[in-house]
Each structure stands twice: as C-alpha cells, then as structure tokens.
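Written out below as structure tokens is the structure these notes cover.
The values are calculated or read from the model by the stated rules, or taken from the named source; none is laboratory data. As the structure is a prediction and not an experimental result, all values here were calculated from the model. Note that we place each Cβ from the backbone using ideal geometry, even for glycine, and neighbour counts take in every protein chain shown. The protein model used for the area step is the full one, side chains on, heavy atoms only, and it has no ligands, DNA or RNA in it. Shrake-Rupley method; radii C 1.70, N 1.55, O 1.52, S 1.80 Å.
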Amino acid sequence: MKITVKKLKELGACSDGIDMFREAFPDGGEFRDVVERAIAIGAIDDALWLAPRVLTNEDAVRYAVFAAREALPIFEAKYPEDNRPRKAIEAAEEWLANPCAETAFAAFAAADAAAYAAFAAADAARAARAARDELKIKLLRHAVELIEKEQNETTHRKD
C-alpha cells in the first residue's frame, strides 16, 4: 500500500507528521518503508497513529486483538482480578471467526474494556521504556504483515 501526502491529509495527519513524511518520501512510499523509516528515526508513535487508519476494518480488528494480547500480561499483572480485557479479546476473536450480528454486538460491547486495558497497560509499561518501544515496533510490523497479506490476497483474487 502506497502512502502519500494526499493520503495523510485525508486521514487527518498533523502538519509536523506530514512535513516529516514529505522530507523522507517526497513521492510517497510503501507502508512497510514508511514504518521502517519511522522506527529508524524514532517516530514510532506517528507510525502507530497511521497503522490502524490504513487497515481494512477486519484487519483493524485483528490488529487490535494482536495489540491487546501483547499488552494483556502487563495489565493482568497489575489488575489480576479484572477479566474484562481478556473477555473483550475473546469476543473480538469470536467475531473474526464468525462475523455475524450476534458476535459483533458482543465484540462492540466488550470494546470499552479492551480500550481500558490498553491504556492501563500502557501506563504500567511506562516504567520500562525499552520494552514499550519494542512492543510498539512489534505492533507496527504486525500491521505491515496484515496489509501485505491483504494486498497479496487481492492480487490473487484478480488473477
């Protein structure tokens, strides 16, 4: 997937992010290259902002599940009695396996708990910056895999 200044503007990117992108990729760049460049220059949060905005809806759910699963041990270590995030992940996984109205409702109902878990896990991870950055990079590379898989499947469907 090619990322361009026009695409960033459509997505509502900030002017600093657009300027940084324009400098590195005056003619645009493939998502993988944009992510790797962001990692190299320490603009990880900018790439994390971009990733879910360029995924398909279904892949955005996969990405959210992946992110939540990665953060879940941190959350559960801090809040061992709170099972809402785990239930939210399971509901989203069930929707991915069986996308129907019933599973969608359950997944959406659990989404607030998953968001809460992500924020709480991020707070818990602040003490370990290196681990947090490593997790962010892992999340970004997973988004790259999802986009490339979608592109490959789309190409094969056309053939």
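If you go through region 11-42 and keep only what is open to solvent by less than 80 Å² (accessible area, probe 1.4 Å), free of Cβ contacts under 8 Å to residues at least 24 places away in the same chain and not in a helix (DSSP H, G or I), you end up with Gly12, Cys14, Phe25, Gly42. Consider only pairs whose beta carbons are under 9 Å apart and that are at least six residues apart or on different chains; among these, list those whose first residue lies in region 136-155 and is over 20 Å from Arg69 (Cβ atoms) and whose second residue is modelled with pLDDT of 90 or more and part of a helix (DSSP H, G or I). Close Cβ pairs satisfying both conditions: Glu148/Phe31; Glu148/Arg32.
The residues listed here are Tyr79, Tyr63; of these, the one that is more than 16 Å from Lys138 (Cβ to Cβ) and aromatic (Phe, Trp, Tyr) is Tyr79. Beta carbons closer than 6 Å, at least 6 apart along the sequence or on distinct chains, pair a first residue in region 77-94 that is farther than 24 Å from Ala60 by Cβ with a second that is surrounded by 13 or more Cβ atoms within 10 Å (Cβ to Cβ) and not acidic (Asp, Glu) for Lys78/Ala124. Just so you know, in region 53-98 the residues that are modelled with pLDDT of 85 or more and not in a helix (DSSP H, G or I) include one that is most open to solvent (accessible area, probe 1.4 Å), and it is Glu81.
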